[in-house]
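Reviewing the structure listed below.
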Amino acid sequence: MRAIIQRVTQASVTVGEEQVSSIGRGICVLLGISVEDTQKDIDYMVRKILNLRIFADDSGKHWSKSVMDKQYEVLCVSQFTLQCVLKGNKPDYHMAMPSENAEPFYKDFLEQMRKAYKPELIKDGKFGAYMQVNIQNDGPVTIQLEPPASTTDPKYGRKDSVDTPHPRRPQTPHLWKKGKSTQAKQSRRRKTWWKLAPQQVIVMLWIQGISPRKVHRS
């Protein structure tokens with residue numbers, strides 16, 4: 001799931017010649033639903049959207065108040081194009097949830113928004129319709145929001161958690177880095193051993209498991 005949240009002074013949605021929704025001060029939320037989204041993603045997005053502090057308080061301090069704190073309105077618009085994956089210059093939407101599944105999912109999202117806030121202050125467009133969305137951005141302030149554990153890899157077409165190793169990365173990168181660092185240290189030691197006193201050379205060779213007698217014979 002991906003949301004584009006804009007702080008607005010006003011916003012409206014028109015279908016054909018009919019204005020189906022409008023708000024004054026508040027936020028406009030463009031929402032793209034993915035094929036892999038779950039109820040957990042809805043809960044996270046609803047909580048974050050309503051508590052996002054992008055408004056100033058009464059004293060003028062910025063980034064202090066949320067839309068709920070200010071009792072402003074929210075306009076939600078479903079926008080599957082946010083799940084676009086470019087193939088060359090052509091947009092591909094295979095990551096967007098099909099409309100027959102996305103519509104009830106989107107309605108569930110709106111229901112959760114209304115339960116968490118005042119229902120009369122949550123407005124929306126018309127799902128699946130060709131809409132004209134008029135947004136008067138205030139600032140401008142525009143924020144992109146996604147659930148934390150839903151990073152989609154367009155190349156592999158799946159979601160990976162933060163802890164899931166990448167298919168082409170070493171499975172234990174920290175060990176690989178450690179090994180590389182150890183090799184570099186050993187190389188530096190070999191280059192500077194001749195600067196040491198004989199006793200120090202013997203100790204260095206003993207630490208590395210090399211017999212001083214073998215070195216002397218060679």
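The values are calculated or read from the model by the stated rules, or taken from the named source; none is laboratory data. The structure displayed is predicted, hence computed values, not measured ones. Cβ atoms come from the backbone with ideal geometry, glycine included; neighbour counts cover every protein chain shown. Side chains included, ligands, DNA and RNA excluded: accessible areas come from the protein's heavy atoms. Shrake-Rupley method; radii C 1.70, N 1.55, O 1.52, S 1.80 Å.
Residues in the stretch 108-146 that are at positive phi and not in a strand (DSSP E or B): Gly128 alone. Taking first residues from the stretch 122-148 that are over 11 Å from Ser21 (Cβ atoms) and partners that are among the small types (Gly, Ala, Ser) and open to solvent by less than 60 Å² (accessible area, probe 1.4 Å), the Cβ contacts under 7 Å between residues at least 6 apart in sequence or on separate chains come to Phe127/Ser78; Ile135/Ala11; Gln136/Ala11; Leu145/Ala3. Scanning the stretch 40-75 for residues that are touching a residue at least 24 places away in the same chain (Cβ under 8 Å), open to solvent by less than 80 Å² (accessible area, probe 1.4 Å) and not aliphatic (A, V, I, L, M) turns up Asp41, Asp43, Tyr44, Phe55, Lys70, Tyr72, Glu73.
The rows are residues; the columns are (1) in contact with a helix residue (DSSP H, G or I) (Cβ under 8 Å, 6 or more places away or on another chain); (2) not in a strand (DSSP E or B).
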{"residue": "Gln19", "(1), (2)": "no, no"}
{"residue": "Asp37", "(1), (2)": "yes, yes"}
{"residue": "Val46", "(1), (2)": "yes, yes"}
{"residue": "Leu50", "(1), (2)": "yes, yes"}
{"residue": "Lys61", "(1), (2)": "no, yes"}
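Which of the residues that make up the stretch 79-106 are open to solvent by 80 Å² or more (accessible area, probe 1.4 Å) and under 19 Å from Ser12 (Cα atoms)? The answer is Phe80, and nothing else. For the stretch 1-36, a tally of residues being more than 12 Å from Gln79 (Cα to Cα), open to solvent by 30 Å² or more (accessible area, probe 1.4 Å) and either within 15 Å of the chain's Cα centre (by Cα) or not polar (S, T, N, Q) (or both) returns 9.
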